[in-house]
Amino acid sequence: LGAESMKLLLIGDSAVGKSSLLLRFTDGTFEPHLNPTIGVDFKVKEMVLGGILLQLAIWDTAGQERFRTLTPSYYRGTQGVILVYDVTRKETFMRLTSWLNELEMHATRSDIVKMLVGNKIDKPDREVDRREGLQFARKHSMLFVETSVKTQHGVQCAFEELVIRILQTP
Ligand code: GDP
């Protein structure tokens, strides 16, 4: 039996932990000083959920987000989006709406499932509390998880819940 393939995207400001999240999920690794210029284009990960073999193609911005806009091909055919902010940098939370606008402008399908991720909760200097994240997610019909790529908290959950919701979308 062939695997069902799915395209997922990571978006959000620079340095919020998108590449780290992807590498933690696909390779189980964490680099405390990830070189931002390296970036990752995309990774494929197989996952079995509810007896279904899935092949996830997960796209990362590879540094393009620094120009605050991503090429339309990046968005093409995307079924799920993970929008990441850093709970210790309020400005990355304040930029969420413009990321959603950017997504809406380029999305090629109307039923994209969105997961909001508040990352770096292991750090002491939090500037965005959990309730703010949850409220934003509710307002924009998004799923929501707080994560720490460092401790692994919430990482698996972020991807799994997104994929489950996509599978449930008719
Ligand atoms: P990107 O630009 O959004 O892809 O962000 P990166 O994945 O390059 O991460 C930026 C920096 O934050 C790197 O030095 C990571 O090691 C660090 N980082 C990512 N996630 C976490 C986390 O959950 N906790 C901590 N303490 N650092 C993190």
Rounded to whole Å², per residue accessible area for the range 48-170 with a 1.4 Å probe reads 51
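Tell me, in nm to one decimal, what length is gained between ARG131 and MET105 on full extension, where the rule is 0.36 nm per residue of separation less the Cα-Cα distance? Spell out each step's value before the answer.
Details: separation 26, 0.36 × 26 = 9.36 nm, distance 2.78 nm.
Additional length available on full extension: 6.6 nm.
Taking the Cα centre of the range 47-170 as origin, work out the dipole magnitude from +1 charges on Lys and Arg Cβ and -1 charges on Asp and Glu Cβ, in debye rounded to 20. Present the calculation step by step, with values, prior to reporting the outcome.
Values: 17 positive and 15 negative charges, 30 e Å.
Result for the range 47-170 is approximately 140 debye, rounded to the nearest 20.
Past 19 Å, Cα to Cα: identify those pairs from LYS114/LYS139; LYS18/LYS123; LYS7/LYS123, in the order given.
Numbers: LYS114/LYS139 12 Å; LYS18/LYS123 16 Å; LYS7/LYS123 31 Å.
Flagged as over cut-off: LYS7/LYS123.
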For the range 64-170, one quarter of the surface area of the C-alpha convex hull, expressed in nm², comes to 6.8
Mean separation of Cα contacts under 8 Å (at least 6 apart) over the residue count of the chain, i.e. the relative contact order in percent, is 24
Residue-normalised 222 nm signal for the chain, counting each DSSP H run of n ≥ 4 as -39,500 (n - 2.57), nearest 500 deg cm²/dmol, is -9000 deg cm²/dmol
The distance between the Cα centres of the range 76-125 and the range 133-169, in whole Å, is 10
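When Rg is the radius of gyration of the Cα atoms in the range 110-156 and Rh is its Kirkwood radius, what does Rg/Rh come to?
On the way: Rg = 11.5 Å, Rh = 11.3 Å.
When Rh is taken as the Kirkwood radius, the ratio is 1.01.
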In whole percent, the fraction of accessible protein surface over the range 83-170 that belongs to carbon or sulfur atoms, probe radius 1.4 Å, stands at 48
For the chain, whose charge dipole is built from +1 on Lys and Arg Cβ atoms and -1 on Asp and Glu Cβ atoms, the candidate among TRP99, HIS153, THR71 with its Cα farthest towards the positive end is TRP99
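The values are calculated or read from the model by the stated rules, or taken from the named source; none is laboratory data. Everything numeric in this text was worked out from a predicted model, so none of it was measured. Note that each Cβ is placed from the backbone with ideal geometry, even for glycine, and that neighbours are counted across all protein chains shown. Calculation scope for accessible area: heavy atoms of the full protein, side chains included, ligands and nucleic acids excluded. Shrake-Rupley method; radii C 1.70, N 1.55, O 1.52, S 1.80 Å.
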